[in-house]
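Worksheet: one structure, shown below.
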Amino acid sequence: QEAITKRFGVPGSQLRVYLHYQPSYYHLHVHFTALGYDAPGSAVERAHLLADVIDNLELDPAFYRKRALTFTLRADEPLWKKFQE
């Protein structure tokens with residue numbers, strides 16, 4: 001957050017920091033976006049706030065092994081076609 005503030009002038013309090021990971025995306029990655037920007041893929045069913053993920057893992061290190069995660073798929077996504085098959 002410090003690097004983003006320094007380079008782009010966006011304070012940490014104005015950032016949305018979230019993760020994408022399977023099955024909605026095919027590799028784990030982190031996004032840092034300004035709160036005023038409506039980023040594609042930042043919707044609740046596709047993104048997980050970093051602070052929430054950290055809290056969940058602190059409460060239970062096995063949290064994500066036990067938890068079912070819901071997600072949406074577009075009709076043109078290959079994974080949706082696999083489900084249909």
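Of all the listed residues (49, 59, 28), the sole one being modelled with pLDDT of 75 or more and surrounded by 11 or more Cβ atoms within 10 Å (Cβ to Cβ) is 49.
Residue 69 fulfils the conditions (1) modelled with pLDDT of 85 or more; (2) surrounded by 10 or more Cβ atoms within 10 Å (Cβ to Cβ) except for a single criterion, (1). Which numbered condition in (1) modelled with pLDDT under 80; (2) hydrophobic (A, V, I, L, M, F, W, C); (3) part of a strand (DSSP E or B) is the only one that residue 19 fails? Failing condition for residue 19: (1).
The values are calculated or read from the model by the stated rules, or taken from the named source; none is laboratory data. It should be emphasised that the depicted structure is a prediction, and the values quoted were computed from it without experimental measurement. In this analysis, Cβ positions are derived from the backbone assuming ideal geometry, glycine residues included, and neighbour counts consider all displayed protein chains.
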